[in-house]
Amino acid sequence: MPLDSARQSFAIHPFPGAPLGAEVIGLDLSLPLATSDLARLHRAHLDYHVLVFRDQHITPAQQVDFSRHFGALQIHVLRNFQLPEQPEVLVISNIQQDGKPVGLGDAGHFWHSDLSYKETPSLGSMLHAQELPAEGGDTLFANQHTAWDALPDDLKREVEGLQAEHWYLARYEELRQRNPYRPQLTQAQIDEVRPVSHPVVRTHPETGRRALFVSEHFTTRILGVSEQRSRELLDLLFDYGTRAAHVYRHQWQPHDMVFWDNRSLMHLAAGCPDHLRRKLYRTTIEGDVPF
């Protein structure tokens, strides 16, 4: 039996006053991780939903290796923005090279949970900062456990047990009109992201906590109710889900790597001025069928 890796000395500090999130200080993700250290990170991820690993000088391959500790990785449908040598990595960037975008420049324009439009949505995502703008570029995270807890009892009773449709193409053409560099999908890509249905309120498979699981980006309608009531309910849930009491705003620092739980949260990219360069590398970990 191979020896376990050496333990590292690191600290996990919850963000004071925030409804979620903690920073991890002193851990080097370029080194092999001890089983006990991985277990500690797993527990912290469940407790705080977002972990911010500071000052990580790692390669894309090392990011992929670390991500795989938490599950199999999912390949994004926009394969033209993956790293050729590391296809598990999706490039998030507004940079253009030779007149073409090097990455997906408008990722996170609407509140969403990554890959909620798949039969098996994402467990979590990791985003590693490569180039950061001098201003802007923040990412907002909204705690959907506390959002569910805050719903009025009558609204809880109405939506509990309902299903909602999620579709990758729900706002795709709207985004293409805003960003002409977002590619037109092939028929094979469209077939890969057919609409799916998931519970409006999901149960976290590891903690048992309830959470809202609808988003303004991918959720098209609530099934089993009228179109009008579906729209009214979704507007209410989006409003509750993104209230300030549930939101942590991440201001990026150089070489941050952020690992968030897509089963617990939604997130939103706040945007930055077009002339300021921004590039990050994302890996996405496969989860399980929501229930």
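A few points about this structure:
- Per the Debye formula on identical point scatterers at the alpha carbon atoms of the chain, with no solvent, log10 I(q)/I(0) at q = 0.15 Å⁻¹ is -1.22.
- Span from the the stretch 92-144 Cα centroid across to the the stretch 53-70 one, whole angstrom: 17
- Given charges at Cβ of Lys, Arg, Asp, Glu: the stretch 1-125 dipole, positive-most of VAL102, PRO121, GLN82: PRO121
- Model label points for LEU31 and ASN80, set 7 angstrom from Cα along the Cα-to-Cβ axis, are 4.3 nm apart.
- Bridges between two residues of the chain, per DSSP, are antiparallel at a rate of about 95%.
- Only lysines eight or more places from LYS156 in sequence, or on another chain, were considered; those with a Cα closer than 26 Å are LYS118.
- In whole angstrom, the stretch 137-291 maps to an equivalent ellipsoid with semi-axes of 27, 21, 16, each derived as √(5λ) from the alpha carbon gyration tensor and ordered largest first.
- Length released on extending from GLN189 to SER226, taking residue separation times 0.36 nm less the Cα-Cα span: 10.3 nm
- The reciprocal of the average 1/r between distinct C-alpha atoms defines the Kirkwood hydrodynamic radius, which for the stretch 1-94 equals 15.0 Å.
- Kirkwood estimate for the stretch 91-221, i.e. one over the average of 1/r between Cα atoms, Å: 16.8
- Note on the chain: helix-only mean residue ellipticity at 222 nm, from DSSP H runs of 4+ residues weighted -39500 (n - 2.57) and normalised by residue number, equals -6000 deg cm²/dmol.
- FRET efficiency estimate (nearest 0.05) - Cβ-Cβ, ALA6 to GLU174, R0 51 angstrom: 0.55
- Of the solvent-accessible surface of the stretch 135-291, computed with a 1.4 Å probe and all protein chains present, 46% belongs to carbon and sulfur.
- Computed label-point distance, nm, for sites ASP288 and LYS156 using a 7 Å Cα→Cβ extension: 2.4
- Label point 7 Å beyond Cα of HIS69 along Cβ direction - residues of the stretch 237-263 with amide nitrogen under 17 Å: 256-261
- With eigenvalues of the C-alpha gyration tensor scaled by 5 and rooted, the stretch 207-291, Å: 29, 18, 13
- Residue of GLU173, GLU131, GLU165 that the Gaussian network model of the chain assigns the largest fluctuation, springs spanning Cα pairs under 10 Å: GLU173
- Accessible surface computed residue by residue for the stretch 249-291, with neighbouring protein chains in place and a 1.4 Å probe, gives 41 Å² per residue.
- Using a Förster distance of 22 Å, the FRET efficiency for ARG243-LEU46 (Cβ separation, nearest 0.05): 0.45
- Whole-number accessible area per residue in Å² for the stretch 45-166, which is evaluated in the context of all protein chains at 1.4 Å: 39
- Candidates PRO87, PRO14, PRO180: whichever shows maximal mean-square fluctuation once the chain is modelled as a Gaussian network with Cα springs under 10 Å: PRO180
- Percent of C-alpha pairs per 5 Å bin, the stretch 42-156, short to long: 2, 8, 16, 21, 22, 15, 8, 4, 3, 1, 0, 0
- Simple Cβ-charge dipole of the stretch 1-112, Lys/Arg +1 and Asp/Glu -1, about Cα centre, in debye nearest 20: 160
- Largest GNM mean-square fluctuation across GLN187, GLN82, GLN144, computed for the chain with C-alpha springs under 10 Å, falls on GLN187.
The values are calculated or read from the model by the stated rules, or taken from the named source; none is laboratory data. The structure presented is a predicted model; accordingly, all values stated were derived computationally and were not measured. Backbone-built Cβ (ideal geometry, glycine too); neighbour counts: all protein chains shown. Surface areas here come from the heavy atoms of the whole protein model, side chains and all, with no ligands, DNA or RNA. Shrake-Rupley method; radii C 1.70, N 1.55, O 1.52, S 1.80 Å.
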